[in-house]
Each structure stands twice: as C-alpha cells, then as structure tokens.
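Below is one structure, written out as structure tokens; comments come after it.
Every number here is computed from the coordinates shown, using simple stated rules; none is lab data. If you're wondering where the values come from, they're calculated on a predicted model, not measured in any experiment. Here the Cβ positions follow ideal geometry from the backbone for every residue, glycine too, while neighbour counts run over all protein chains shown.
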Amino acid sequence: MVLSNEEKQAIMDSCLDDSTKIIQYLKEQEQKQKLYNLIMLIFTIISATGAIIAAVTGILMYF
C-alpha cells in the first residue's frame, strides 16, 4: 500500500501529543507575529517621517 505525502503527514500529526502540538502552534504564531511587528515598524517610521515633514512645513509657513 502506497501512502501519499498528505496521508503520511496526517498519521505523523495524529501521533503527536497535545503539548507538542501546542509548542508547534506557538512557534508558528511567533513567526507570524514577527512579520506583523516588522510591518508595524515600517508603518510607524513612515508615519513619524510624515509628522516631522508636516511640523517642519508648519514652522516654515509660520515665518
């Protein structure tokens, strides 16, 4: 009997205990969180740059 890769993976997953599944889930979430944090950092830098430009423009328009 030949098993497909999906079937092999399903059998391997069913053999894991709950703590191993939780650890695996948390590792996956950590990777997603790193990407989210990087995107938020980029947007924060862009927003801060825009705020500085607006402040400098406001000061220059005052004089």
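Between L60 and D17, 0.36 nm times their residue separation minus their Cα-Cα distance comes to what?
9.0 nm
Add -39500 (n - 2.57) for each DSSP H run of 4 or more in the chain, then divide by its residues: what number comes out at 222 nm, to the nearest 500 deg cm²/dmol?
Computed ellipticity for the chain at 222 nm equals -32000 deg cm²/dmol.
Pull up the cross-link candidates among the aspartates and glutamates for K21, meaning alpha carbon to alpha carbon under 13 Å and not fewer than 8 places away within one chain.
D13
Using a 7 Å offset from the Cα along the Cα-to-Cβ direction at both V2 and K32, what is the distance between the two label points in nm, to one decimal?
3.5
If one takes the longest principal axis of the Cα atoms in the chain, at what angle in degrees, from 0 to 90 and to the nearest 10, does the Cα axis of helix 5-15 lie?
80
Give or take rounding to whole Å, what are the principal axis extents of the alpha carbon atoms in the chain, in descending order?
83, 26, 7
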